[in-house]
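A quick write-up on the structure given underneath.
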Amino acid sequence: MLGTPNRDRSAERREATRREIIDAAWEVAREQGLAQLTLRDVAARVGMKAPSLYSHVDSKNAIYDAMFAQAWTECLDIMLALDEGRPSDARGTVRMYARAYFDFCVSDLARFQLMNQRTIPGFEPSPEAYAPAVLVLDGLRQRFAAIGITAQEDIDLYVAVVGGMADAQLANDPGGDRWARLFDRAVDMYLHDVGIPTDVPVTTTQEGTPP
């Protein structure tokens, strides 16, 4: 007699609890600061004693690792979703992706710090957690190759400009728009420096779609 496989309800409950723990960790990080996160505070948010967390996460750094992976996965999803509506011109393309990343960064200080700064002593993301960050950068290289930007130093400069503008906004005018208003200007200065005029079209792959 054929039937549908039984659901692993225990695994589902464990995964739901793990998600609840990570959500609680973000709440603590946003309220008290990323480096001030403690297992005691996280446990209290989910109605546990701190030792009970160890049945779901190995350590505080394991929580940071899961948060890091989640943050970069969310960023990756945003970049991939933008591919459907990419402008036909090079400058508009770079502006769109740059602005999306900038807005993603400045909308959440704790997330930006975890993704882009070394604010937690002793924490290094695992290869698994770092994988979506690598995919974001690989996508950036592919999109830039389509408009003729291939030199690593030009990629590095772009990352510094966009990340630096986000850092300046968060550090000096959180919740405001002092650097947000200058952002397109900074991106245009970058494009001028690497020699991309306004009317350069985005090239396509052999299949006929942007890479």
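Observations, loosely collected:
- Against the chain, whose longest principal axis comes from its Cα atoms, helix 127-145 is set at around 10 degrees.
- Global form of region 84-176, assessed from the alpha-carbon gyration tensor, a/c cut-off 1.5: oblate
- Ranked by the mean number of other Cβ atoms within 10 Å of their residues, highest first, the peptides 10-22, 141-153 come out as 141-153, 10-22.
- Residues in region 35-55 reached by a label modelled at D8 [backbone nitrogen below 18 Å; 7 Å Cα→Cβ]: 55
- Length-normalised contact order for the chain - Cα pairs under 8 Å, 6+ apart - percent: 23 percent
- Ranking R181, R91, R99, R118 by solvent-accessible area of protein heavy atoms (1.4 Å probe, all protein chains present), from largest to smallest, gives R118, R181, R99, R91.
- Centre separation in Å (Cα based) which lies between region 69-114 and region 137-172: 11 Å
- Accessible surface of region 93-158, 1.4 Å probe, proportion on carbon and sulfur as whole %: 55 percent
- Computed label-point distance, nm, for sites L137 and S107 using a 7 Å Cα→Cβ extension: 2.4 nm
- Spacing of the modelled spin labels on T119 and A100, each 7 Å from Cα toward Cβ, amounts to 2.5 nm.
- Largest accessible area first, the residues K60, K49 order themselves as K49, K60 under a 1.4 Å probe with ligands, DNA and RNA left out.
- Chain lengthening between D184 and D77 when straightened (0.36 nm per residue, less Cα-Cα): 36.3 nm
- R9, R185, R40, reordered so the largest accessible area comes first (probe 1.4 Å): R40, R185, R9
The values are calculated or read from the model by the stated rules, or taken from the named source; none is laboratory data. These figures come from a predicted structure and were not determined experimentally. Cβ atoms come from the backbone with ideal geometry, glycine included; neighbour counts cover every protein chain shown. Note: areas computed on protein heavy atoms with side chains; ligands, DNA, RNA excluded. Shrake-Rupley method; radii C 1.70, N 1.55, O 1.52, S 1.80 Å.
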